[in-house]
Amino acid sequence: MAEGSKVNWRVIMEWQTPNSAVLHKVKRVIYSGKTKYQEVDIVETYDFGLCLVLDGKIQSSSADEKIYHEALVHPAMLTHPKPSRVLIVGGGEGATLREVLKHRTVESAVMVDLDEEVVQVCKKHLPEFHMDSFEDPRVKIIIEDGRKYVERLPDGSIDVTIIDVTDPLEGGPSYLLYTMEFYRLLARKLSDDGLFVTQATSTYYSRNCFAAIYKTVASVFPVARPYHVFVPSYMSEWGFVLGSKAADPMSLAPEEVRHRLEERGIGGLDFYSPEIHHRIFAIPPYLARAFELARPVTDSNPVFMPA
């Protein structure tokens with residue numbers, strides 16, 4: 001568990017930086033254990049309902065996980081004209097997979113996760129998150145390091161890749177999925193009109209980290225678009241970065257977003273909408289200044305969140 005983080009029968013104490021933390025009162029503990037890679041807790045909180053907690057940090061809550069997962073998945077999926085081959089790296093609770101499968105263009109969805117125990121715990125205890133997505137015939141689940149899996153893929157074999165892994169923490173399992181070397185590798189595996197999106201940490205508590213991830217994506221992909229949404233259980237605006245070899249999400253007018261949603265049979269979303277699409281890509285001046293000062297991330301010079 002992250003240093004200073006704490007989950008017990010009363011509270012989750014989640015550190016945002018070495019100097020500030022958030023407390024969540026726990027109603028009940030459903031599961032608590034430790035895998036080969038991380039601490040895993042599934043708890044019910046009073047304000048956010050069921051929560052998946054990894055290494056002391058809330059990853060998903062039933063109260064607002066659709067904000068995060070809809071924002072992560074649909075801008076990228078709708079920017080691609082016909083995403084049929086989709087790769088998800090991470091996404092253990094299955095909610096990212098759930099959103100991907102809403103697109104009737106999808107013919108295959110491969111989800112690669114490092115930690116099989118997390119996937120199994122989520123399948124058992126969080127059915128309202130994955131909604132049986134693991135059982136869809138289009139889905140293949142691979143338990144492996146995501147970067148090693150991508151290395152073996154044929155060039156041009158993926159339309160959309162979604163990176164839904166844990167934050168880049170020093171000593172953690174995911175920090176090498178935020179580097180220039182990985183993004184260059186990923187670009188080769190994407191089709192000519194392919195694109196990818198990654199979660200990119202807090203825009204406030206780890207602003208420099210978010211900016212560095214954007215700068216790195218922009219150094220590899222001809223189209224790079226940062227965006228952000230407020231996720232209440234994270235107590236922060238949360239950042240994402242989309243990298244594309246061709247299409248630009250900002251070129252989609254609300255009418256086209258609406259048309260593609262209807263064409264693909266997607267309705268009843270909780271957060272994402274044609275009007276939201278452009279709003280989330282609006283970048284305030286303080287983030288634009290952070291982007292100017294940021295450096296690209298490499299394997300030998302990684303970036304880490306502050307806590």
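Counted without the sites themselves, the longest stretch of the chain free of GluC sites (Glu not before Pro) in a DSSP loop having at most 16 other beta carbon atoms within 10 Å is 171-307.
Calculate, in whole percent, how much of the Cα-Cα pair population of the chain lies beyond 35 Å.
Details: 5676 of 46971 pairs.
Roughly 12 percent, once rounded to a whole number.
What FRET efficiency do you get for Asp192 and Arg258 if R0 is 30 Å and r is their Cβ-Cβ distance, rounded to the nearest 0.05? My answer for the efficiency is 0.70.
Model label sites at Arg138 and Lys82, defined 7 Å from Cα along the beta-carbon direction, differ in position by 1.4 nm. Under a cut-off of 19 Å between alpha-carbon atoms, report the lysines in cross-link reach of Lys148, not counting same-chain residues fewer than 8 places apart. The qualifying lysines are Lys36, Lys140, Lys189. Put a dot 7 Å past the Cα of Thr35, heading toward its Cβ, do the same for Arg279, and the two dots end up 3.5 nm apart. Residues within the reach of a label modelled at Arg289 (point 7 angstrom out along Cα to beta-carbon, backbone nitrogen below 20 Å), restricted to segment 208-222, are 208-215. Loop-located trypsin sites (Lys or Arg not before Pro) in segment 236-307 (DSSP state other than H, G, I, E, B) with a sparse environment of at most 12 neighbouring Cβ atoms within 10 Å are absent.
Readers should treat all values here as calculations from the given coordinates under stated rules, not as data from a laboratory. Quick caveat: nothing in here was measured; it's all calculated off a predicted structure. No Cβ is skipped: glycine too gets one built from the backbone with ideal geometry, and neighbour counts run over all protein chains shown.
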